[in-house]
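*Asks:* Take this structure, written in structure tokens, and hold onto it; I'll ask about it next.
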Amino acid sequence: MGEYSFLIAISIVFIFGSMSPGPSFILVAKTAVSKPLSEGIGVSIGLAIGAVFFTLLAIFGLYALFETVPFLYGVFKLFGGVYLLYLAYKIWKHSDESLSMDMKLEKSKKSFFKALLFGFLTQISNPKTAIIIGSIFAALLPKELPAHSELLLCLIAFFIDAIWYCMVVLLLSTQKSQKIYLRFKKYIDRVAGTLLAVLGIKIALDYQ
């Protein structure tokens with residue numbers, strides 16, 4: 001079992017990475033307080049699948065590819081930044097809409113699978129996630145992977161992201177948190193939109 005000890009270190013780093021503030025956390029928090037519970041869970045699962053996507057890419061050399069062809073990294077970052085700006089625009093656009101608790105559950109309900117896809121697209125729009133995962137693997141993976149390591153790494157990435165974001169959804173989906181959101185919706189939405197816009201601009205323009 002000692003040959004698999006590297007998975008412990010990777011898991012710890014993944015946990016702190018998932019818990020750090022960023023576009024994914026902003027999306028989950030806003031969804032949790034303003035949408036039905038199923039939608040928040042769907043977004044969380046989509047984010048987790050996105051983490052698996054980047055894990056697979058990192059395993060098969062995405063980090064090395066970006067190092068070899070920096071132009072691709074720049075293109076990836078540009079499209080990711082533009083997508084975050086689009087999300088920011090959508091949030092600002094609807095920030096003035098007032099919703100009652102009943103209206104919230106009826107008017108803005110999205111299917112679980114659409115929410116899952118939305119979460120997945122948001123996760124893969126942030127190329128720094130790919131770089132972070134690639135860097136983690138470069139630093140912590142052994143030169144020769146034990147059997148089934150690829151599968152175990154994907155499971156680690158999925159369950160850490162899914163459990164963390166689902167916990168956030170459950171915590172923020174209470175009636176108390178929803179009432180606070182409805183009371184200050186305009187300001188919360190605009191702060192969230194501004195943060196996403198700043199992150200999108202930073203990702204799109206930061207080619208270092």
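*Asks:* Going by what's in this entry, would Thr68 be described as of a type in the set (S, T, N, Q), farther than 25 Å from Ser177 by Cβ and at pLDDT below 85?
*Replies:* yes
*Asks:* Let me confirm something: among Lys176, Lys104, which residue is farther than 19 Å from Leu57 by Cβ, in a helix (DSSP H, G or I) and either in contact with a His (Cβ under 9 Å, 6 or more places away or on another chain) or at pLDDT 75 or above (or both)?
*Replies:* After ruling out the rest, the residue left standing is Lys176.
*Asks:* Cβ-Cβ below 9 Å, separation at least six or inter-chain, first residue in the stretch 168-186 and within 25 Å of Ile45 (Cβ to Cβ), second loosely packed, with under 13 Cβ neighbours inside 10 Å and modelled with pLDDT of 75 or more: which pairs?
*Replies:* Listed by first residue and then by second, the contacts come to Ser177/Leu171.
*Asks:* Which one of Tyr63, Tyr86 is at pLDDT below 70 and at negative phi?
*Replies:* Tyr63
*Asks:* Working carefully through the options Leu99, Leu116, find the one that is modelled with pLDDT of 75 or more and either over 16 Å from Leu199 (Cα atoms) or not aliphatic (A, V, I, L, M) (or both).
*Replies:* Leu116
The values are calculated or read from the model by the stated rules, or taken from the named source; none is laboratory data. Everything numeric in this text was worked out from a predicted model, so none of it was measured. No Cβ is skipped: glycine too gets one built from the backbone with ideal geometry, and neighbour counts run over all protein chains shown.
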